[in-house]
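The values are calculated or read from the model by the stated rules, or taken from the named source; none is laboratory data. Small disclaimer: the values here were computed from a predicted structure and weren't measured. We place every Cβ from the backbone using ideal geometry, glycine too, and count neighbours over all the protein chains shown.
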Amino acid sequence: MFKNVITLSEELSGGIIGLIVVLAVFAILILFALFKSIVIVHQTEAYIVERIGKYRGTLDVGFHLIIPFFERVVKKVSLKEHVADFKPQPVITKDNVTIQIDTVVFYQITDAKMYTYGVSNPLSAIENLTATTLRNIIGDLELDATLTSRDVINSKMRVILDEATDPWGIKVRRVELKNIIPPRDIQEAMEKQMRAERERREKILQAEGEKKSAILIAEGEKESAVLRAEAKKAALIAEAEGVSQSIKLINDANPSKAYLTLKGYEALEKVADGQSTKLIIPSELSSLTSVVSAAVETVNATKANKPK
């Protein structure tokens with residue numbers, strides 16, 4: 001009997017332990033299910049939830065509860081602006097020049113559902129679409145126009161890519177041509193052309209400088225000659241006015257014959273100092289004095305006869 005009691009106690013203990021284990025497992029499952037049902041969506045993100053393989057909804061920012069084991073988050077979508085830097089693509093211009101162009105696309109996901117179910121590999125799709133669009137646009141442009149029309153190419157590509165990616169829930173913000181690499185021989189030809197253009201501009205600037213310098217020198221010489229002529233003219237006028245004033249003063253003073261004789265001697269002295277080899281001197285100096293005196297009297301008479 002005692003043995004039967006012990007056996008019954010052992011069976012009851014085993015049953016209780018088993019029940020405790022089952023309850024513990026059940027509690028763990030409940031906690032796990034509760035943990036799986038809680039979804040916290042961060043800022044600038046959106047979660048796509050499916051219920052048994054079917055789209056159930058899109059979870060925005062905040063706290064959410066889902067049915068565990070029946071509903072699950074299949075994709076977490078970032079709503080930030082993305083940057084896709086694609087490797088260089090070979091394209092052919094209108095004048096049959098093959099160039100390498102690498103592009104940078106700035107895009108943003110505006111519809112998480114369309115982005116998830118619209119295309120299987122969005123980044124690869126954008127890259128291929130960018131390459132084909134770039135080939136179509138560059139094919140209508142020559143090399144020179146391609147190198148100088150980046151803004152036009154960027155605008156055209158943005159419009160085309162934005163329209164094509166709209167069914168995928170993607171908004172293309174900007175498209176930039178990061179680099180345009182022509183062939184090596186074209187680069188060398190362009191470098192030679194740029195050097196020739198720089199040399200031409202240098203020669204033009206040098207010629208213009210020499211021209212301006214010659215003009216300034218000529219204008220300076222002209223102004224100098226004018227100033228010298230004006231100075232000479234002023235000197236002659238001043239000298240003539242001085243002589244006229246001197247004669248007037250002599251006439252007003254009514255000079256004597258002795259003064260006139262003295263002036264005659266001074267005139268002869270000046271004549272003797274000249275370069276002439278022959279001198280004609282009156283036989284009598286008094287005759288010279290007489291001539292000078294007569295000239296003075298004539299001048300005085302003329303002034304007296306002038307009407308007042």
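List of remarks:
- Where helices (runs of 4 or more DSSP H) fall wholly inside the range 120-236, the ranges with 1 or more residues that are closer than 27 Å to residue 104 by Cβ and more than 29 Å from the chain's Cα centre (by Cα) are 122-138, 150-165.
- Residue 109 being buried (at least 17 other Cβ atoms within 10 Å of the Cβ) and closer than 14 Å to residue 89 by Cα: no
- Number of residues in the range 35-63 that are more than 53 Å from the chain's Cα centre (by Cα) and either surrounded by 15 or more Cβ atoms within 10 Å (Cβ to Cβ) or not β-branched (Val, Ile, Thr) (or both) equals 8.
- Remark: pairs (first residue in the range 61-88, outside the structural domain of residue 176 (by TED's automatic domain parsing) and among the β-branched types (Val, Ile, Thr); second residue part of a strand (DSSP E or B) and surrounded by fewer than 14 Cβ atoms within 10 Å (Cβ to Cβ); Cβ separation under 8 Å; 6+ apart in sequence or on different chains) = 67/51.
- Against the test of being in the same structural domain as residue 140 (by TED's automatic domain parsing) and more than 30 Å from residue 180 (Cβ to Cβ), the options 110, 58 yield a single qualifying residue, 110.
- Count - residues of the range 112-139 that are within 21 Å of residue 92 (Cβ to Cβ), of a type in the set (Ser, Thr, Tyr) and buried (at least 18 other Cβ atoms within 10 Å of the Cβ): 2
- Considering residues of the range 50-87 that are out of contact with any Phe, Trp or Tyr (no Cβ under 8 Å at 6 or more places or on another chain), of a type in the set (A, V, I, L, M) and assigned to a strand (DSSP E or B) only, the residue farthest from residue 101 (Cα to Cα): 65
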